[in-house]
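Visitor: My structure is below; once you've seen it, I'll send some questions.
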Amino acid sequence: MGKRRGRGLGTAALVVGLLGLVLGVGTVGYARSAYGWGTLQSHSMSPTYEPGDRILWERVDGGEVRRGDVVAFSMPERYRSGGAVVQRVIGVGGDRVACCTRVGTEERVTVNGKPVEEPYVSGGDADGVHRSYDVKVPEGRLFLLGDRRGDAMDSRFFSDNDGTVPVTAVRGRVTDSRTVPVLLGTALLLAAVLVLTGIGLGIGFLAVRGRKTPVPPAPWTVRPTQG
């Protein structure tokens, strides 16, 4: 019985521990391949995102992003940094983006001649620096602006390709959903529990294996009395 119990504990320790290890490694691998994250350093996306906010982005091909998406991208030759820059997509390949036209009392950016409603811009100021532009976005590129137009170094301030960014520079689309992080965190917690359980079972297995099986005492031998 003791040997069977020992073998059972050993098998359970191996299975549970390996399951936890596989789950943990798989979760980390998936998170790294499907998502990226960083901390916002500037005011350029205020009030949508503030300095110090943790930003999560899902890795997508730059050709999949649409107008209004907030993207993380990398252009070290422009921003002198290997880190991700976060800005909003205003125009995609083929769009004509211009600033600005007056609608009532407000200035509006236009895309293909139509004023764009931008409830996300800081103070409702879609212009920001009174810098006019009229850009035809080349195919395979994006025209990007910060939400705080008066404090964002974006497509307005670069001359190469009219300030547009290649879709290949996009790292991912910023998401505010916390469902995936919660699920990934839960999976990692479960993996840790399984690994610790496997270790506990392994200790139990070694304890049972090292316990000596008691040997019953030899019966007394009675010699017959010689008459």
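The values are calculated or read from the model by the stated rules, or taken from the named source; none is laboratory data. Since the model is a prediction, treat every value here as computed from it, not as a measurement. Quick reminder, even Gly has a Cβ in these numbers, built from the backbone with ideal geometry, and neighbours come from all protein chains shown. To get the accessible areas, we keep the full protein, side chains included, count just its heavy atoms, and leave off ligands, DNA and RNA. Shrake-Rupley method; radii C 1.70, N 1.55, O 1.52, S 1.80 Å.
Visitor: Based on Cβ point charges of +1 for Lys and Arg and -1 for Asp and Glu, what charge dipole magnitude is obtained for region 1-112 about its Cα centre, in debye rounded to the nearest 20?
Guide: 840 debye
Visitor: From Cα pairs below 8 angstrom and at least 6 apart in sequence, can you work out the relative contact order of region 94-196, rounded to a whole percent?
Guide: Relative contact order, region 94-196: 20 percent.
Visitor: Another question about this same structure. So if I place +1 on the C-beta of Lys and Arg and -1 on the C-beta of Asp and Glu, and nothing else carries charge, what would the dipole magnitude of region 34-87 be about its Cα centre? I want it in debye, nearest 20.
Guide: Computed charge dipole of region 34-87: roughly 120 debye.
Visitor: Take each of the peptides 142-152, 88-98, average the number of other beta-carbon atoms within 10 Å over its residues, and list them starting from the highest.
Guide: 142-152, 88-98
Visitor: Let me ask something else. Please give the helix 179-210 orientation as an angle from the longest Cα principal axis of the chain, in degrees from 0 to 90, rounded to the nearest 10.
Guide: 20 degrees
Visitor: On to the next question. Kindly write out, for region 74-90 in residue order, the coupling ³J(HN,Hα) from the Karplus curve 6.51 cos²θ - 1.76 cosθ + 1.60 (θ = phi - 60°), rounded to whole Hz, with x marking Gly and Pro.
Guide: For region 74-90, the Karplus-derived couplings read 10, 9, x, 5, 9, 9, 6, 8, x, x, 7, 10, 10, 8, 9, 6, 9 Hz, x marking Gly and Pro.
Visitor: To continue, here is another question. How long is the gain from THR105 to THR168 if the chain were fully straight, where each residue apart is worth 0.36 nm and the alpha carbon distance is subtracted?
Guide: 18.9 nm
Visitor: Same structure, new question: Can you give the relative contact order of region 1-91 as a percent, counting alpha carbon pairs under 8 Å and 6+ residues apart?
Guide: Reported as a whole number, the value is 19 percent.
Visitor: Whole-Hz ³J(HN,Hα) for each residue in region 154-164, computed from phi via Karplus 6.51 cos²θ - 1.76 cosθ + 1.60 with θ = phi - 60°, x for glycine and proline: what do you get?
Guide: Once rounded to whole Hz, the list reads 10, 4, 5, 10, 10, 8, 5, 6, 6, x, 6.
Visitor: Taking H as built 1.01 Å from N, whose amide H comes closer than 5 Å to the amide H of ARG171, not counting residues under 5 places away?
Guide: ALA72, PHE73, SER74
Visitor: Under 5 Å between amide hydrogens, which residues at least 5 positions from GLU107 or on another chain qualify, with H placed 1.01 Å from N in the peptide plane?
Guide: Amide H to amide H, under 5 Å and 5 or more residues apart or across chains, GLU107 pairs with ALA126.
Visitor: Leaving ligands and nucleic acids out of the surface, order PHE157, PHE73 by accessible area at 1.4 Å, largest first.
Guide: Most to least solvent-accessible, the answer reads PHE157, PHE73.
Visitor: Which angle from 0 to 90°, rounded to the nearest 10, does the C-alpha axis of helix 2-34 make with the longest principal axis of the chain?
Guide: Approximately 10 degrees, to the nearest ten.
Visitor: Give me a comma-separated list of calculated 3J(HN,Hα) values for region 168-177, in order, Karplus coefficients 6.51, -1.76, 1.60 applied at θ = phi - 60°, integers in Hz, x for any Gly or Pro.
Guide: Per residue, the Karplus-derived 3J(HN,Hα) values read 5, 7, 6, 8, x, 9, 5, 10, 9, 5 Hz.
Visitor: Explain nothing, just the number: dipole magnitude of the chain about its Cα centre with +1 on each Lys and Arg Cβ and -1 on each Asp and Glu Cβ, in debye rounded to the nearest 20.
Guide: 2260 debye
Visitor: Separate question: Pulled fully out, how much extra length does the chain show between TYR79 and ASP160, if you take 0.36 nm times their separation in residues and subtract their Cα-Cα distance?
Guide: 27.8 nm
Visitor: Near the amide H of ILE55, under 5 Å away, which other amide H atoms are found, from residues 5 or more places off or on another chain, if H is placed in the peptide plane?
Guide: GLY38, THR39, LEU40
Visitor: Something else now. With the contact rule set at Cα under 8 Å and sequence spacing of 6 or more, what percent relative contact order holds for the chain?
Guide: Reported relative contact order: 29 percent.
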